[in-house]
Amino acid sequence: MRVLGINAIFHDPAAALVVDGRVVAAAEEERFSRRKHGKRPVPFSAWELPELSAAWCLASAGIGVDELDAVAYSFDPALCRDQESLGLADPWDWLRVEYATRAPQFLAAALPGLDPAKVRFVPHHVAHAASAGLAAPTAGDDTAVLVLDGRGEVASHLAGRYDGGELRSLRTQELPHSLGLLYEDLTRHLGFLHSSDEYKVMALASYGRPRHLGLLRDLVRVTDDGGFTVDRVEWASLTKPREPDGEMTEDHADLAASVQTRIEEVILDLARWLHDASAGASTLAMAGGVALNCVANARVAAEGPYERVWVQPAAGDAGTALGAALHVAGALGDRSVPMPGADLGRGWSDEELEAELRRAALPYTRPASIAAEAARVLADNGIVAWYQGRSEYGPRALGHRSLLAHPGDPATTARMNDVKGREQFRPIAPMVRAERAADIFEGQLPSPYMLFVHRVRPEWRDRIPAVTHVDGTARVQTVSPDTEPLVAELLAEFERLTGLPVVVNTSLNTAGRPMVDTPREAMELFGSAPVELLALGPFAVRRGALGGGR
């Protein structure tokens, strides 16, 4: 079966293609449109579809629109109720529902030749659940699944279990109670962009003390039946709101720490309840925007009752395109195959990359090993723009569209944040050879998708200060030569040169822009940022080599 998945209703529009139960392509619209998050999550934008990413998914697989068996849309308007009855306060929510109802016709217009009758609505949280439970290494067997986000049609949470590819829902939490909306409100109060900058709040929390935790425990409570309640928080009574460019105070950090800690506690309680309700499932798979909270994920892995915790790399709404496609493919009789990795987006051949370099008249070389060339630049404390293979699906740079740097220089953190135009309180993350990870970090290993924090062992904190956050943790990506041979080669060569099996890895972009996706975008970033080397496939472009031919 050939199923195209579509996410469009809230934010992070994306498309994914599943063929015979196997994920063959998935990409977010922002990588094509160059608009961060694709669009803002307002009802007026609900009609906007991931037209470019959908067309690419089909073209990359050589599949025509008329050859699709189904199109899965990750929202079911039939489940919606009047927003006032849900305790929401958006007078235009009906417009979102109206646009979703007309999605088959909109999709037929966006993808000429599509029969609108092939469009199937998939409940939003079912799509999230499938993106985790059907894509995890266990692929639908003996897997508990926990979904937490801002909102779906009428709920903000789903707890269930997959057996034989079938989802059994055990609990949902109806709106207005929502951990995701609580965190969004906090994000807005702290002067950041909601549904976008929640990860900044998580980083800020490490600088504060959870001195409002008692109050938050009163306002955010877990119920005995696996749900929770969230009462209104009067943020201004705790600390004054911050303007977007305003001063960040200790009070702001303390508020972030208080909410972050309470979120962690609640998620851990929900995970424990689900373990009991699912008859002791050995694996927990997580999705939904709240599952991008890697600090909370680490607590679930460390303190929860599961043998394994797996988080969908595209845990936010982009991942519902994949989940909707997997869910419908299963309903049509296909058995899901575990997700092969996050590198599901666009890629270019060596010949195509070289043609782009020639077109740009950039002097370049083709060293015997681009990994060794990059390792030498990094060992000399240079920054490398690393562009290899297919782009990542989800918000994390995982060694395909990355900025790399030396972790042993304490100045690297400020330097990288300056290069990217980011706030200085934000940490940068390490990539580490999988076989060396346990020597340096404590926590869930392996961690290939950078979705857990790990405690840096004390004897290593002074050796890799650039990736050690203020609280002694790091958001680790482990690299295996079986799945990422080129990055593993780079790490091995860097260790040979420096004695450190770790490099800094952050996303290949600057503040407010989506990650670089095309070779041209990589060259533009290289030309405008203080980066010493562009590793574009097997080709090397050095700083100072701008403006002339080869």
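Going through (1) over 26 Å from A100 (Cα atoms); (2) touching a Pro at 6+ places or on another chain (Cβ under 8 Å); (3) acidic (D, E) one by one, D163 falls short only on (2). In the range 206-218, is there at least one residue being in contact with a His (Cβ under 7 Å, 6 or more places away or on another chain), surrounded by fewer than 24 Cβ atoms within 10 Å (Cβ to Cβ) and closer than 22 Å to A253 by Cβ? Yes, some residue in the range 206-218 is in contact with a His (Cβ under 7 Å, 6 or more places away or on another chain), surrounded by fewer than 24 Cβ atoms within 10 Å (Cβ to Cβ) and closer than 22 Å to A253 by Cβ. Any residue that is out of contact with any strand residue (DSSP E or B) (no Cβ under 9 Å at 6 or more places or on another chain) and either of a type in the set (D, E, K, R) or closer than 30 Å to R308 by Cα (or both) - is there at least one of those in the range 344-354? Checked the range 344-354: at least one residue is out of contact with any strand residue (DSSP E or B) (no Cβ under 9 Å at 6 or more places or on another chain) and either of a type in the set (D, E, K, R) or closer than 30 Å to R308 by Cα (or both). If the condition is being open to solvent by less than 20 Å² (accessible area, probe 1.4 Å) and touching a strand residue (DSSP E or B) at 6+ places or on another chain (Cβ under 9 Å), then the range 35-48 contributes only G38.
Determine whether the range 336-344 contains at least one residue that is closer than 30 Å to Y364 by Cβ, out of contact with any Leu (no Cβ under 6 Å at 6 or more places or on another chain) and not hydrophobic (A, V, I, L, M, F, W, C). Yes, the range 336-344 contains at least one residue that is closer than 30 Å to Y364 by Cβ, out of contact with any Leu (no Cβ under 6 Å at 6 or more places or on another chain) and not hydrophobic (A, V, I, L, M, F, W, C). If you filter the range 176-200 down to residues that are at pLDDT below 95 and in contact with a Phe, Trp or Tyr (Cβ under 7 Å, 6 or more places away or on another chain), you find that the one that is farthest from L86 (Cα to Cα) is K200.
Taken together, the criteria place A129 among residues that are assigned to a helix (DSSP H, G or I) and open to solvent by less than 10 Å² (accessible area, probe 1.4 Å). Here K240 meets the list (1) touching a His at 6+ places or on another chain (Cβ under 8 Å); (2) open to solvent by 10 Å² or more (accessible area, probe 1.4 Å) almost entirely, failing just condition (1). Looking across F10, F32, one residue alone is more than 23 Å from D149 (Cα to Cα) and crowded, with 20+ Cβ neighbours inside 10 Å. It is F32.
For first residues located in the range 230-257 and without any contact (Cβ under 8 Å) to a residue 24 or more places away in the chain, partners that are in a loop (DSSP other than H, G, I, E, B) and not small (G, A, S) and lie 6+ apart or on another chain with Cβ distances below 6 Å form the pairs D251/T239.
Of all residues in the range 97-110, those satisfying the criterion of being within 28 Å of the chain's Cα centre (by Cα) and open to solvent by 10 Å² or more (accessible area, probe 1.4 Å) are V97, Y99, T101, P104, F106, A110.
So, R376, is that one open to solvent by 30 Å² or more (accessible area, probe 1.4 Å), more than 13 Å from P538 (Cα to Cα), of a type outside the set (A, V, I, L, M) and not in a loop (DSSP other than H, G, I, E, B) or not?
yes
Go through the range 401-427 and give me each residue that's in a loop (DSSP other than H, G, I, E, B) and surrounded by fewer than 23 Cβ atoms within 10 Å (Cβ to Cβ). Result: G408, D409, P410, A411, G421, R422, E423, Q424, F425, R426, P427. Screening V222 on (1) crowded, with 16+ Cβ neighbours inside 10 Å; (2) farther than 30 Å from R161 by Cα; (3) without any contact (Cβ under 8 Å) to a residue 60 or more places away in the chain shows it passes everything except condition (2). Pairing residues of the range 160-176 that are small (G, A, S) with residues that are surrounded by fewer than 17 Cβ atoms within 10 Å (Cβ to Cβ) and in a strand (DSSP E or B), at Cβ distances under 9 Å and at least 6 apart in sequence or on separate chains, gives G160/R168; G160/S169. Residues considered: T261, T229. Of these, the only one that is surrounded by fewer than 22 Cβ atoms within 10 Å (Cβ to Cβ), touching a helix residue (DSSP H, G or I) at 6+ places or on another chain (Cβ under 6 Å), of a type in the set (V, I, T) and within 18 Å of V290 (Cβ to Cβ) is T261.
Here A271 qualifies as touching a residue at least 12 places away in the same chain (Cβ under 8 Å) and crowded, with 21+ Cβ neighbours inside 10 Å. Quick check, is A301 free of Cβ contacts under 8 Å to residues at least 60 places away in the same chain, within 20 Å of V453 (Cα to Cα) and of a type in the set (G, A, S)? The answer is no for A301. Identification of helices (runs of 4 or more DSSP H) wholly contained in the range 439-550 with 2 or more residues that are under 24 Å from the mean Cα position of the chain (by Cα) and crowded, with 16+ Cβ neighbours inside 10 Å yields 485-498, 519-528.
The values are calculated or read from the model by the stated rules, or taken from the named source; none is laboratory data. All of these numbers come straight from a predicted model, not from anything done at the bench. Using ideal geometry, Cβ is built from the backbone for each residue, glycine included, and neighbour counts are taken over all protein chains shown. Protein only, heavy atoms only, side chains kept; ligands, DNA and RNA dropped before computing areas. Shrake-Rupley method; radii C 1.70, N 1.55, O 1.52, S 1.80 Å.
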